[in-house]
Amino acid sequence: MDLDAFRGELDSWLDDHDAELRPPDSHRFDDHMAHLSTVKRLTYDASFMRWGWPESVGGLGGSTLLRGYLGGGLTARGLVEPGIYSMTEVLVPTMIDYAPPGLAAEMVPRQLRGDETWCQGFSEPSTGSNLGALACRATRSSGGEWRVTGQKVWTSLAQFAQRCVLLTRTGSPEDAHRGITAFFVDMDSPGITVRPIRTMHGVDEFCEVFFDDVAVPHDRMLGAEGQGWAVAMDLLPFERSTALWHRGAYLHRKLSDLLAAAPEGSLSAADVGAVIEQLYAFRARSRATQYRMAAGEKLGAETSIDKLMLGMAEQALYDVAAAALAPALLAGDDPESEGWRSEYLYSRAATIYGGSSEIQRNIVARRLLDLGPEV
Amino acid sequence: MDRDELELFTNSLRGAADRHAGAALDAAYDDLGWRDALQDDQQAIAALFAIQGGRGVASSAIDDVLLSGLGLEPVPERAVVMPPLGRHDAAYAGRTVDGFATHRASTATELVIVGEPIRVVPAPALDRRQVSGIDPASGWVAVSGHLDGDETISGVWPDALALGHRAVATELAALGRTMLGLARDHAADRVQFGRAIGSFQAVRHKLADALLATEAADAAVSVGWAEPSGFTALMAKAIAGRSGRTVARHAQQVLAGMGFTAEHGFHLLMKRSMVLDQVLGSGAALSSELAQRSITERVAPPMLAL
Ligand SMILES: Cc1cc2nc3c(=O)[nH]c(=O)nc-3n(C[C@H](O)[C@H](O)[C@H](O)COP(=O)(O)OP(=O)(O)OC[C@H]3O[C@@H](n4cnc5c(N)ncnc54)[C@H](O)[C@@H]3O)c2cc1C
């Protein structure tokens, strides 16, 4: 299936099924997670969700652009929220590249079909930006399996998740990033405790996850022992490519929503112009990234530019929204005001998650400007 | 042009821009067949303006671009009177001319005055003042006076304007990259407190932000050429202009005292970039005008589908 044909088929299918795909009129996160599963199931059964993924994991092949177009369509129409939808784009490529083939073939369809939610266990209480110092420990027991003990934090969707892509320390702390190993862990394993954390936007979006001597079979290792850093470094560019394209499509919609909702005279042309420029420039950049990825190029440090641009565009948009819609956003208790409030607050995280903007600038300086090590 | 031809042409342009500036550069472009190339293939325009921005040199190639956009023969005897700095609509109102031009306006015999309709007058009919201003190196000319005749010429200004926006945006993006390059190399070489200043995070992050701005400009410029429309051209111009302002600020700070001298090349790039940001409409005004339409219509402009 080529992109042209996909566009036509998907657009008319989305038109026809709009009613089933519309999110519930609810601000409960659980309802939106359930709705996400429904959308994934429907798009999977109609084949759209399978295009752009290799046949070895239940996909139908074809260009990765098809995934960008699908997610862009769903988010731009307001059918799914990109943060939770695009988790697939972050975690599935990692499974394809690093999981034992049988495991990927078994698990990936469940994720695509919306049967399962997966989470990403990277950050720890004492390890945010400095990911290479993580401490959650995995040791090999005499039986050959691994035993994991430690804690993760800010793990998005962990309370809903059946599986976790987990980074652990298998070497010594002095090995730093060389002593890290990745696993694909069942979240119902004995010894795992999940405690949701309320965010400032009022959603239990992420959790603390405790591991107390949790058994993980050896065949759940992603990549080789000690290769976890490479797994993480290869995952992050995916977090900064297709997932960001979806988010950009969503923000484009939100800009129109803002223009529709703003009271007469509340918007300055200069401010809105700056938002349009930033969003457009991001889209131009991100689209080029989608095409590079589709052409089989390996994505790397240059995707930090995409992430920085998205964070700036998103916050610029919601800054303008917060000013134009101030009475509603600050003091309105109707669902629409609550929506703007929640999204404004969530936009503050755009420069934090997936590697903070400072960390992205460090990467740009080191890898793209070739400025050597920092002092 | 096929790929090899374009590469050959680009290399020759590069050689010309390395050796010449101003009228001499025009003549060198002429020898290379620039006027035929520009009508033949827009990639030639993109290549020329990228090279010009990369070197920070001025030519009157924008006149050729605008003339060809108007469907007129681009010849050295014809110069274009563009709208005054900051504006993009017209270089005359009623019978009063107030416009901005390249150095070609001083030597041309005929002036093509943009607006709707397009007007033409013999060059001596208008006052042409050599602009010193902030960027004397570029040889800009201010054109003013009274239109006596009624002669007009066919040609659609918005079409030519879009082509002009793409050309100027391309040059602005390249100027930005050159400024960034100067600052980046300085940061790698200059030692303070016993180490290269490029090892200080404050400096690194400024350069990273400058690269971010440069990449934004390049992305918008590429779309401008690949999907030509008035809108994509305007976005390229606005984004490249903003990028130029951002890069100049960061590069200046990193170059510090050295970049504040007249000997260092930075200031020439910065000054030309400031003027180009205003040529054919200021980036800020273009984007505000577009935004005002969106505000009135209550819908965002289209944004690049997959
Ligand atoms: C909404 C949300 C969802 C998230 N989801 C997940 C998830 O699913 N899985 C997961 O593993 N993690 C997740 N995270 C965690 C996220 O990856 C971390 O918050 C992020 O990496 C920053 O770590 P930190 O919060 O510990 O801040 P710190 O690392 O403590 O940083 C604090 C501040 O110092 C700055 N800083 C730190 N080091 C440097 C440096 N070297 N140079 C310059 N500045 C520096 C940072 O930029 C930041 O501004 C999520 C976070 C948020 C907000």
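Quick notes
- Dividing the mean sequence gap of close Cα pairs (under 8 Å, 6+ apart) by how many residues the range B:1-133 holds gives a relative contact order of 18 percent.
- Sequence-distant residues sharing a close amide H with A:ILE192 (under 5 Å, placed H): A:ASP212
- Mean residue ellipticity, 222 nm, helices only, chain A: the sum of -39500 (n - 2.57) across DSSP H runs of n ≥ 4, divided by residue count and rounded to 500, is -15500 deg cm²/dmol.
- The distance between label points at B:GLN130 and A:SER126 comes to 7.1 nm (points 7 Å beyond Cα on the Cα→Cβ vector).
- The range B:75-154 - percent relative contact order, Cα under 8 Å, separation 6 or more: 31
- Which of A:ARG285, A:ARG169, B:ARG95 is most accessible, then next, and so on - probe 1.4 Å: B:ARG95, A:ARG285, A:ARG169
- Chain B - charge dipole about Cα centre, Lys and Arg +1 at Cβ, Asp and Glu -1, debye rounded to 20: 1560
- Residue-count net charge about A:ARG77 - beta-carbon cut-off 13 Å; Lys, Arg +1, Asp, Glu -1: -4
- Summarising the amide proton neighbourhood of B:ASP98: residues at separation of 5 or more, or on other chains, whose placed amide H is nearer than 5 Å comprise B:TYR92, B:ALA93.
- Dipole size of the range A:240-368 about its Cα centre, with +1 on Lys/Arg Cβ and -1 on Asp/Glu Cβ: approximately 940 debye, rounded to the nearest 20.
- With 30 Å² as the minimum drop in accessible area between chain alone and full protein complex (1.4 Å probe), the qualifying residues in the range B:261-297 are B:SER287, B:SER288, B:ALA291, B:ILE295.
- Spacing of the two label points (7 Å from each Cα toward its C-beta) at B:ARG95 and A:ASP18, in nm: 5.8
- Whole-angstrom gap from the range B:3-76 to the range A:246-296, using each part's C-alpha centre: 34
- Summed over both chains, the contact between B and A buries some 4000 Å² of accessible surface at a probe radius of 1.4 Å.
- Evaluating 6.51 cos²θ - 1.76 cosθ + 1.60 at θ = phi - 60° for every residue in the range B:189-196, the Karplus couplings come out as 9, 6, 10, 9, 6, x, 8, 4 Hz, glycine and proline recorded as x.
- Our coupling estimate for the range B:208-223, obtained by passing each phi through the Karplus curve with A = 6.51, B = -1.76, C = 1.60 and θ = phi - 60°, is 5, 5, 5, 5, 4, 5, 5, 5, 4, 5, 4, 4, 5, 5, 4, 5 Hz, Gly and Pro reported as x.
- Fraction of accessible area attributable to carbon and sulfur, the range B:144-224 (%, probe 1.4 Å): 52
- Probe 1.4 Å, accessible area per residue of the protein assembly as shown, Å²: 39
- Projecting the Cα atoms of A:LEU131, B:GLN42, A:ALA294 onto the charge dipole of the protein assembly as shown (Cβ charges, centred on the Cα centre) puts A:LEU131 farthest toward the positive pole.
- Computed from the C-beta positions of A:LEU60 and A:ALA224 and an R0 of 30 Å, the FRET efficiency is 0.50 to the nearest 0.05.
- Projected label points at A:ASP213 and B:PHE260, each 7 Å from Cα along the beta carbon direction, are separated by 6.7 nanometres.
- A simple count of charges around A:CYS164, restricted to other residues whose Cβ falls under 12 Å of its Cβ and scoring Lys, Arg +1 and Asp, Glu -1, yields 0.
- As a length-normalised measure over Cα pairs under 8 Å and 6 or more apart, the relative contact order of chain B settles at 18 percent.
- With K and R counted +1 and D and E -1, the other residues having a Cβ less than 15 Å from that of A:MET49 yield a net charge of -1.
- Karplus (6.51, -1.76, 1.60) ³J(HN,Hα), θ = phi - 60°, over the range A:177-193, in Hz, Gly and Pro reported as x: 6, 7, x, 10, 10, 9, 10, 10, 10, 6, 6, 8, 5, x, x, 9, 10
- Percent carbon-and-sulfur accessible area, the range A:168-242, ignoring ligands, DNA and RNA, probe 1.4 Å: 53
- Amide H contacts for A:CYS207 (H built 1.01 Å from N in the peptide plane; partners 5 or more residues away or on another chain; cut-off under 5 Å): A:TRP154, A:THR155, A:SER156, A:LEU157, A:ALA158, A:ILE197.
- FRET efficiency, 1/(1 + (r/R0)^6) with R0 60 Å, evaluated for B:GLU289 and A:SER37 via beta carbons: 0.85
The values are calculated or read from the model by the stated rules, or taken from the named source; none is laboratory data. Not measured: the values here are computed from a predicted model. Here Cβ is always computed from backbone atoms with ideal geometry, including for glycine, and neighbour counts include all displayed protein chains. SASA here: full protein model, heavy atoms, side chains in, ligands and nucleic acids out. Shrake-Rupley method; radii C 1.70, N 1.55, O 1.52, S 1.80 Å.
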